[in-house]
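Presented below is the structure to which this report refers.
The values are calculated or read from the model by the stated rules, or taken from the named source; none is laboratory data. In this text, all values refer to a predicted model and were calculated from it rather than measured experimentally. Positions of Cβ are generated from backbone atoms using ideal geometry, with glycine treated the same way; all protein chains shown enter the neighbour counts. Note: accessible area is taken over every heavy atom of the protein model, side chains too, but ligands, DNA and RNA are not part of it. Shrake-Rupley method; radii C 1.70, N 1.55, O 1.52, S 1.80 Å.
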Amino acid sequence: MVVDDHPMWRDSVARDLEEARYEVVATTGEGRQALRIAAAVRPDVVILDLRLPDLSGVEVARGLAACLPAPRVLVLSASAEQEDVLEAVKAGASGYLVKSASREEFLDAVRRTAEGEPVFTPGLAGLVLGEYRRLAVQTSPDDDGPRLTDRETEVLRLVAKGLSYKQIAERLVLSHRTVQNHVQNTLNKLQLHNRVDLVRYAIERGLDEG
């Protein structure tokens, strides 16, 4: 589903997605309408602009996060401002891409978002990880948490560093599906919902260091 108030840009994004063999179930330029449509058509991924005429993209992301099942949200915005990025992520966005990205970068971001990976424009990933670290010092990690296998911990450490499933598979000489299985098992053990939560968990425990 594509949510953007500029018709030509919205149509262009939808066309790129369809040419890449994605099914575009809906497009709209208004936030409230986006929430109504999403509840009806249940998209897997929502491509969301932050600047909408009625609601802000952050408000829409927050509303989408409350849906059951919640779609994964990839913000596609002209803004690379720190406040916009962090507010979008806090509202539940899985990723954030600036509109200056190439078509290939955009389609790769959509694919990774659909697979549950947090995706950010280069330079923004460090910003988000830095914010997670700041939040982490306010919490006390539970040393008696679920036990992960050595392999699950190894995969989790690479997830926290921002590597894609493909990169992790290549580094550990595993199949893409095996890496997905390790991530899913870890999510289940830790009772987390997605890779963004997983990255936060890893950073709280210092697994992104070294």
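Tabulated results
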| item | result |
| --- | --- |
| Net charge over other residues, Cβ less than 15 angstrom from the Cβ of MET1 (K, R count +1; D, E count -1) | -3 |
| Å² of accessible area per residue within the stretch 48-94, as computed with a 1.4 Å probe and no ligands counted | 45 Å² |
| Pairwise FRET efficiency - HIS193 versus GLN33, Cβ, R0 = 25 Å, nearest 0.05 | 0.45 |
| Computed helical MRE - 222 nm, the chain, DSSP H runs ≥ 4 contributing -39500 (n - 2.57), nearest 500 | -16000 deg cm²/dmol |
| Vicinal HN-Hα couplings computed from phi for the stretch 53-58 (Karplus, 6.51 cos²θ - 1.76 cosθ + 1.60; Hz; Gly/Pro x) | x, 10, 9, 6, x, 5 |
| Stretchable slack from VAL24 to CYS67, in nm (0.36 nm times residue separation minus alpha-carbon distance) | 13.6 nm |
| For the stretch 163-206: accessible area per residue (Å², 1.4 Å) | 55 Å² |
| Other-chain or far-sequence residues with amide H under 5 Å of VAL46's (modelled H) | ARG72, VAL73, LEU74 |
| Rounded tilt (10° steps) of 7-19 against the dominant C-alpha axis of the chain | 60 degrees |
| Rounded FRET efficiency, nearest 0.05, which uses the C-beta distance separating GLN167 from LYS90 and R0 of 25 Å | 0.40 |
| Fraction of accessible area attributable to carbon and sulfur, the chain (%, probe 1.4 Å) | 47 percent |
| From the coordinates shown, semi-axes √(5λ) of the Cα gyration tensor in Å corresponds to which of [x] 30, 19, 16; [y] 39, 21, 11; [z] 48, 15, 13 | [x] |
| Stretch gain in nm, segment ARG151-SER175, where the contour uses 0.36 nm per residue and the Cα spacing is subtracted | 7.3 nm |
| 0 to 90° range, to nearest 10: angle between helix 176-190 axis and the chain longest Cα axis | 80 degrees |
| Charge dipole of the stretch 1-106 about the Cα centre (unit charges at C-beta), most positive-ward option of PRO71, LEU55, VAL24 | PRO71 |
| Acute angle (nearest 10 degrees) that the helix 195-204 long axis makes with the longest principal axis of the chain, alpha-carbon atoms | 40 degrees |
| For the chain, size of Cβ-based charge dipole, Lys and Arg +1, Asp and Glu -1, in debye | 420 debye |
| Proximal lysines to LYS189, defined as alpha-carbon separation beneath 22 angstrom and excluding residues fewer than eight positions away on the same chain | LYS161 |
| Whole-Hz ³J(HN,Hα) from phi, Karplus 6.51 cos²θ - 1.76 cosθ + 1.60, for the stretch 90-102, glycine and proline x | 4, 7, x, 5, 7, x, 8, 10, 7, 6, 7, 5, 6 |
